[in-house]
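The values are calculated or read from the model by the stated rules, or taken from the named source; none is laboratory data. Since the model is a prediction, treat every value here as computed from it, not as a measurement. Here the Cβ is made from the backbone with ideal geometry for all residues, glycine too, and neighbour counts use every protein chain on show.
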Amino acid sequence: MGLLGKIFTWWDGATIGTLLSSAIYGRKVGEDALGNRYFESKSGAKRWVLYNGANDASRVDPNWHGWLHHSYDGLPNAVLPPARDWQTGSAGNMTGTPAAYRPAGALGHGEKRASASGDYQPWAPDA
């Protein structure tokens, strides 16, 4: 994206104004695995994120989401316990992509839905 795109668009990354205000009024406190950078105002009252790529709130790591909303004061890696073996990382919103969840019988899955179990009786207005 060119310079004009950076000046006038907010939906595909941070604008020039946001980048400048982050450099002047904020201090970087961390970065997540997706490359999103997290900032805090020098007074500590405001917190924000500069996305690495498109502005999509589903790409914020759940631990950093708690920090952004002042659920806890310390940084996630200092306050929260380490991740368990069975926990997976956040993947973002996969709706509309080939990686979206499609259960058996879903239209996009390509299979037929399992037949009803036999005890199902549809309602009829004449009955």
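Filtering region 29-75 down to residues that are touching a helix residue (DSSP H, G or I) at 6+ places or on another chain (Cβ under 8 Å) and more than 26 Å from T88 (Cα to Cα), which residue is surrounded by the most Cβ atoms within 10 Å (Cβ to Cβ)?
So, considering only residues that are touching a helix residue (DSSP H, G or I) at 6+ places or on another chain (Cβ under 8 Å) and more than 26 Å from T88 (Cα to Cα), the one surrounded by the most Cβ atoms within 10 Å (Cβ to Cβ) is S41.
Taking only region 19-28 into account, find how many residues are surrounded by 15 or more Cβ atoms within 10 Å (Cβ to Cβ) and modelled with pLDDT of 85 or more.
Result for region 19-28: 1.
Name the residue that is modelled with the lowest pLDDT, counting only residues in region 78-88 that are exposed (fewer than 11 other Cβ atoms within 10 Å of the Cβ) and more than 17 Å from the chain's Cα centre (by Cα).
A83
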